[in-house]
Structures are given as structure tokens and as C-alpha cells.
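Working notes, structure below.
The values are calculated or read from the model by the stated rules, or taken from the named source; none is laboratory data. Please read all numbers here as calculations on a predicted model, not as lab measurements. All Cβ positions, glycine included, derive from the backbone under ideal geometry; neighbour counts span all protein chains shown. Surface areas here come from the heavy atoms of the whole protein model, side chains and all, with no ligands, DNA or RNA. Shrake-Rupley method; radii C 1.70, N 1.55, O 1.52, S 1.80 Å.
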Amino acid sequence: MIILGIETSCDETAASVVSDGSKILSSVVSSQAEIHSPYGGVVPELASRKHMEAIVPVVRKAISSAGIETKQIEAIAVTQGPGLIGSLLVGFSFAKAYAFALNIPWTGVNHLQGHIHSVFLEPDPPPFPFISLLVSGGHTGIYYVSSHTGMELMGQTRDDAAGEAFDKVSKMLGLGYPGGSIIGKLAEKGDPTKINFPRAYIDKSGFDFSFSGLKTSVSRFIQTNYNRYKEIIPDIAAGFQESVVDVLSYKLLYAASLKKCEHISIVGGVAANGRLREKAEKDACASGFKLHVPSVALCGDNAAMIASVGYHSIINGGIQDLDQDVFSRVI
Ligand code: KG4
Ligand code: ZN
């Protein structure tokens with residue numbers, strides 16, 4: 001089944017053509033990062049306007065680079081939420097209208113399920129059940145994944161998401177947006193043992209996260225070392241990153257051992273972080289777990305992951321009516 005996926009939940013306009021929920025025929029992602037960069041974060045009103053400009057060319061490009069004709073699309077999957085309402089509405093309204101015009105089924109997709117599905121677009125996907133650590137700009141949580149539709153949330157952040165913490169620390173250091181990749185690159189040049197920031201395990205036997213205390217520690221460190229902090233930015237970045245990575249890797253492996261799952265995955269924008277990939281792989285190997293991480297292009301927001309969820313939803317009868325609406329949060 002050939003599915004057109006559409007994703008506009010935040011600041012990426014994305015469209016993708018995927019065959020049978022796993023084979024990517026095309027994946028086009030148009031990022032607005034440059035537009036939001038001067039503001040240090042996503043400006044919702046600007047984001048929705050840019051989605052409106054980009055949606056038609058991005059969908060056209062996804063269809064042409066897949067080498068198919070429009071009439072070959074059998075269904076449409078589109079992000080329904082969570083995300084920015086104005087941004088979601090652009091993709092969602094477009095998808096409904098396009099499915100209606102083409103007279104094909106369509107389905108709304110949960111963005112978080114999309115990230116969890118990104119590993120099914122890679123060779124050698126994990127068998128069920130497995131544990132998935134979802135780390136993005138808006139969410140951080142650990143899921144027990146028992147099927148394509150069965151996902152149990154074991155724990156999540158009580159305050160900032162991991163990616164949000166990267167973004168905020170980057171802003172504090174005057175490094176710009178989006179902060180994750182900037183901090184990740186700078187950290188490679190720093191020494192993670194020079195500054196020992198706290199590890200926020202909260203409860204070592206639980207799966208909730210908190211990153212706001214760590215963020216405050218970095219801010220305090222900058223204040224108390226105001227005269228010299230600019231000279232040691234790579235060490236600050238490396239120390240902060242190591243604190244986040246330690247907690248994420250520990251909780252992921254603890255969840256896997258508790259649930260007796262051999263297979264684990266890390267997904268979402270922060271899964272692109274080199275140090276997180278390296279540490280989790282090392283820890284997983286040492287404890288006999290098999291780690292699955294999508295290629296970097298599939299860690300950030302994309303529409304192929306949305307098409308993958310849509311495929312499994314549609315073959316199980318999850319076709320939707322035109323009266324459906326978007327949602328900003330998971331209730
Ligand atoms: O999944 P995503 O593209 O969008 C959301 O659903 O939120 O994740 C974006 C987040 C941003 O906070 C960004 O700073 C972070 O992922 N990120 C990274 C890296 N690349 C992107 N964080 C750490 N290291 C990276 N290399
Ligand atoms: Zn995302």
C-alpha cells in the first residue's frame with residue numbers, strides 16, 4: 001500500500017511517500033529553523049504561515065521524487081497532534097482536502113507514535129515487545145511498545161523535555177537555535193569531567209525525568225563564572241550533555257531489565273546526539289541489550305514516520321471522517 005505522509009506539527013513542513021509502512025520512496029523535509037533562529041525558539045504564528053507557503057511544493061516534491069503518479073497514492077496519513085495548533089491545522093486541513101479530492105482513505109496520526117515508528121523504516125527493526133526512549137524538543141518519555149498500536153507510557157518528564165533543555169542551555173550560552181546540534185558539536189571539543197553538573201534521577205527505580213534543575217545549575221555556573229565562562233563553553237556543553245546522557249541511558253536500560261525486553265530504541269530529535277548514541281550503545285552491549293536507533297535523518301521530525309503509523313492504522317480499519325480535529329496535547 002502506498003501512503004502519503006504529511007507532518008506539520010512544529011517547524012518542519014514534511015511529506016513522504018512510503019510503501020507498506022516500511023519502505024521510504026521519498027522523504028522531503030523543509031525546515032524553518034533559520035526563520036525562528038533570531039528569536040531563540042519557534043514563533044507559532046510565523047510557523048503556521050511558513051507551513052502554508054511550503055505545504056504544496058513539499059507534497060509535490062515528495063510525489064515526484066518517489067517516482068509515482070498522484071493516482072497511485074492509496075491513502076494519506078497526517079499528524080493530528082500533539083504540536084502547535086496553527087501548524088497542525090495547515091497539514092491536517094490539506095490532508096483532508098487532498099484525500100477528499102482523490103477519493104482515498106486518510107487517517108490522523110499521533111506525532112509521538114510517529115517517532116516511535118521511525119525504527120520500522122530502518123533495516124532490522126526491533127521485534128515486539130521493546131522499550132522506546134522518546135527524546136524530542138517537546139517530549140521525553142519511556143514507552144513499553146507491545147505492538148504497532150500498543151504503547152504504554154512508563155514515565156515522562158515532569159518539566160522540560162530533553163531537547164528543550166539543550167535548546168535553553170544553548171540560548172543561555174548565546175549559541176542560538178536549535179541548540180541540540182550546536183551543543184552536541186561543541187561538546188566534542190570539551191572535557192565532560194571538568195564540570196560536574198548534577199544527575200537528576202529523581203527516583204532511581206522510577207521512569208520520570210526532570211531537567212529544569214540541571215538547567216538552573218548551568219545558569220548558576222554561568223553567573224558565578226561570568227568573567228571566564230566564555231573561554232570554557234565546550235567544557236560546559238560537554239558537562240551538561242554528559243549529565244543528560246547518563247540519566248537517559250540509565251533509565252532506558254533499567255526499564256528494559258524491569259520489563260525483560262532484550263530490544264530497546266531511542267527516537268526523536270535528541271536521538272541524533274552522538275554522545276547519547278555512543279553511551280547507550282556501550283551500556284546496552286555491556287548488559288546484553290540490542291539498541292535500535294534510526295539514522296539521523298529519521299530522528300528529527302519527518303513524514304515517513306507518520307506514513308508508517310498510518311499504514312498500520314489503515315490496515316486495521318482506522319480510517320477517519322472529515323469531522324476530526326487536531327489536538328495540541330496528549331490528555
Ligand atoms: O523530534 P524533533 O525534531 O521535534 C520535536 O518533536 O520536538 O526534536 C527537536 C529537538 C530540539 O530540541 C533539538 O535541539 C534536539 O531535538 N536535537 C538535538 C540534536 N539534534 C536535535 N539534541 C541533542 N543533540 C543533537 N545532536
Ligand atoms: Zn517530533
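Centroid-to-centroid, using Cα positions, the range 118-140 and the range 281-331 are 7 Å apart. Surface exposure of the chain, expressed per residue as accessible area with a 1.4 Å probe, stands at 43 Å².
Of the heavy-atom accessible surface of the chain (probe 1.4 angstrom), what whole percent is carbon and sulfur?
Values: 7400 of 14200 Å².
The computed percentage sits at 52.
If you run the Gaussian network model on the chain, springs between alpha carbon atoms under 10 Å, then out of L253, L298, L153 the most flexible one is L153.
Placing unit charges on each Cβ (+1 for Lys and Arg, -1 for Asp and Glu) gives the chain a dipole about its Cα centre, and among I319, G41, G67 the Cα reaching farthest toward its positive end belongs to G41. Gyration tensor over the Cα atoms of the range 1-73: the corresponding equivalent ellipsoid has semi-axes (square roots of 5 times the eigenvalues, largest first) of 27, 11, 9 Å.
Phi-derived couplings, Karplus 6.51 cos²θ - 1.76 cosθ + 1.60 at θ = phi - 60°, listed residue by residue for the range 178-191: x, x, x, 5, 5, 4, x, 5, 5, 4, 4, 8, x, 10 Hz, with x used for Gly and Pro. Cα extents for the chain along the principal axes, largest to smallest and rounded to whole angstrom: 62, 46, 35. Among the lysines, which fall within straight-line cross-link reach of K96, defined as a Cα-Cα distance under 29 Å, with same-chain neighbours fewer than 8 residues apart omitted? Leaving aside lysines fewer than 8 places away in the same chain, those within reach of K96 are K23, K50, K61, K71.
The string of couplings for the range 6-13 from the Karplus curve (6.51, -1.76, 1.60, θ = phi - 60°) is 9, 9, 9, 6, 9, 10, 10, 9 Hz, one whole number per residue in order, with x for Gly and Pro. Rounded to the nearest Å, what's the spacing between the alpha carbon centres of the range 179-224 and the range 1-74? Just the number, please. Spelled out, the Cα-based centre of one part sits 33 Å from the other.
Among the listed pairs K168/K204; K230/K279; K189/K282; K251/K279; K251/K290, those with a Cα-Cα distance over 19 Å are K168/K204; K230/K279; K189/K282.
Taking the chain as a Gaussian network of alpha-carbon nodes connected by springs under 10 Å, the highest mean-square fluctuation of the residues Q241, Q72, Q80 belongs to Q72. Remark: the range 267-273, residue by residue, has Karplus-estimated 3J(HN,Hα) of 9, x, x, 6, 5, 6, 5 Hz, where x stands for each Gly or Pro and the curve is 6.51 cos²θ - 1.76 cosθ + 1.60 at θ = phi - 60°. Computed over the range 126-293, the convex hull of the alpha-carbon atoms projects to a mean area of 9.0 nm². In this structure, the amide hydrogen of G81, modeled 1.01 Å from its nitrogen in the peptide plane, lies closer than 5 angstrom to those of V109, H111, F327, counting only residues at least 5 positions away or on a different chain. Bridge orientation summary for the chain: considering DSSP beta bridges with both residues in this region, about 60 percent are antiparallel.
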